[in-house]
Amino acid sequence: MARPRRHATRADRRARAPRGSRGGAARARARELPPGRARRRRGRRVGRGRRPGPRAGLPSLRRRPSLAPRHRAAVSPPGGPRIYVSAGEPSGDAHAAAVVTALRQRVPGATFEAFGGPALEAAGATVLDRMERMSVVGFVEALWKLPPHFRLLGRVRAAFRAKRYDLVVLVDYPGYHLRAAAAAAAAGIPVLYYIAPQMWAWGPGRVRKLAAVKRLAVILPFEEQFFRERGVAATFVGHPLRDRPPLPPRAETRTALGLDPSRPVLGLFPGSRRQEVVRLWPVFRDAAERVLAERPDAQVVVAAPPGGGGAGGRYDGPGAIRIHTGDAFAVFAAADAALCKSGTTTLEAALADLPMVIAYRLNPVSFAIAIRLLRVPHVGLVNLIAGREVAPEFLQAAATPQSLAAAVLPLLERESGAARRQREGLALVRDRLGPPGAADRVARLAVELLG
């Protein structure tokens, strides 16, 4: 057998040069650099113990089409302010788009580049990096998404150091955005953070991670005082859900959904993320079957994500349950009572004056970590805002079909004592969510930071 050559030719070395996360992609992204830099030799590679410079070797997206951006813009044109907007999941994408729309009215010459999705794109932002398939729920689940997030952070940090932006607006998504905020602050770019991380739930010591944030726009009424007492410039802007249009008439909505307007309706809201649906749908489905056994006149409809989303096809064995694929707004309008996952869904139900039972399940390891870190008496936002238990909560092993069915059955009777008591609490929650116009108030804060 011939011995391998000790020395390779220059052509051979080029052919074998790595094209993965530690080299090779700077040329592919050269069009993002200012004129005059595009043909320079690439800067130092990013490796262990090194910090990337503005021309650091950036990770290749060639083999990761799901993460590849649709558009690659050059440096924002001169004239108006250059604003970078970042949202890592569908709800944040919608809230960020509303802010961009409001900012366009206040600062007509502004240009926007973004990490986001279709809503930001429709609002006129140039989406450099797509958010699809990036969002996760739970500690364990997040581990699988760390590599693409760190690659994204490397690209964003390089753009910040190149002084491409006058303002950075971050929306929710704290696991990634707290690092992005630090990168922007290190580059001297002011940061406006909209929808604060829920640090009040995990312990006040974590607030120091917001040191890089210039202004914090919070959407829950108790958050402003919490953060201000800990040195963060926080402003309560109201909740963006307040800007939704009024619900259509119940009878009209039921007819549109193919439901009988004269019979009670139970709405199921297991969430839109794949992990949520996988864990909650079987429990919600079995609970609904128990409800139907007790109340044969009842109708059950589940709110599935628009277009099926990542959760489409996960609603196996629905039986008599109708699956409504599209805006959950219609299901909120049609229902008399609901089974809801914890989180923003409970506020949507409150705004619809819809009595509910709250449930949530996580990966067992994620739940074991979370239950040791939580510092609040409730997980449902309606209960936290009201300061008491308005809607019953069932978490992890306690969220069984039997317990959920027993709790939601009395709520199907609109005039029952349980339903009336809960509606009184929901009215208090609606009052505390503030008036409409959250996005416009965030835009005002952004204009202040732009000077």
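The values are calculated or read from the model by the stated rules, or taken from the named source; none is laboratory data. Remember, it's a predicted structure, so these values are computed and weren't measured experimentally. Using ideal geometry, Cβ is built from the backbone for each residue, glycine included, and neighbour counts are taken over all protein chains shown.
Points to keep in mind about this one:
- Flag if VAL232 is part of a strand (DSSP E or B), of a type outside the set (D, E, K, R) and buried (at least 19 other Cβ atoms within 10 Å of the Cβ): no
- Filtered residues of segment 258-310 (kept if charged (D, E, K, R), part of a helix (DSSP H, G or I) and under 24 Å from the mean Cα position of the chain (by Cα)): ARG274, GLU276, ARG279
- The set of residues from segment 79-138 being farther than 20 Å from ALA446 by Cα, of a type in the set (A, V, I, L, M, F, W, C) and under 12 Å from the mean Cα position of the chain (by Cα) comprises MET131, MET134, VAL136, VAL137.
- Test: VAL265 is out of contact with any Pro (no Cβ under 9 Å at 6 or more places or on another chain), within 17 Å of ALA405 (Cα to Cα) and at pLDDT 95 or above: yes
- Subset tally (residues that are under 19 Å from MET356 (Cβ atoms) and out of contact with any His (no Cβ under 7 Å at 6 or more places or on another chain)) for segment 241-262: 8
- Members of segment 212-229 that are surrounded by fewer than 20 Cβ atoms within 10 Å (Cβ to Cβ) and either free of Cβ contacts under 8 Å to residues at least 24 places away in the same chain or of a type in the set (Ser, Thr, Tyr) (or both): GLU224, GLN225, ARG228, GLU229
- ARG254 vs. criteria closer than 25 Å to GLY380 by Cα, surrounded by 15 or more Cβ atoms within 10 Å (Cβ to Cβ) and more than 23 Å from the chain's Cα centre (by Cα): no
- If you go through segment 235-249 and keep only what is surrounded by 13 or more Cβ atoms within 10 Å (Cβ to Cβ) and either within 30 Å of ALA446 (Cα to Cα) or at pLDDT 95 or above (or both), you end up with THR235, PHE236, VAL237, GLY238, HIS239, PRO240, LEU241, ARG242, ASP243, ARG244.
- Residue selected from segment 404-432 under the condition in a helix (DSSP H, G or I), touching a residue at least 12 places away in the same chain (Cβ under 8 Å) and not hydrophobic (A, V, I, L, M, F, W, C), by the criterion surrounded by the most Cβ atoms within 10 Å (Cβ to Cβ): GLN422
- Scanning segment 116-147 for residues being within 30 Å of VAL365 (Cα to Cα) and either modelled with pLDDT of 85 or more or charged (D, E, K, R) (or both) gives a total of 7.
- Qualifying residue in segment 327-335 (condition: within 25 Å of ARG420 (Cα to Cα), in the same structural domain as GLU348 (by TED's automatic domain parsing), in contact (Cβ under 8 Å) with a residue 24 or more places away in the chain and part of a loop (DSSP other than H, G, I, E, B)): yes
- Single residue of segment 155-177 satisfying the filter (surrounded by fewer than 18 Cβ atoms within 10 Å (Cβ to Cβ) and not basic (Lys, Arg)) that is modelled with the lowest pLDDT: GLY175
- Here is the figure for segment 386-403: residues that are out of contact with any strand residue (DSSP E or B) (no Cβ under 8 Å at 6 or more places or on another chain), in contact (Cβ under 8 Å) with a residue 24 or more places away in the chain and either outside the structural domain of ILE358 (by TED's automatic domain parsing) or surrounded by 14 or more Cβ atoms within 10 Å (Cβ to Cβ) (or both) total 3.
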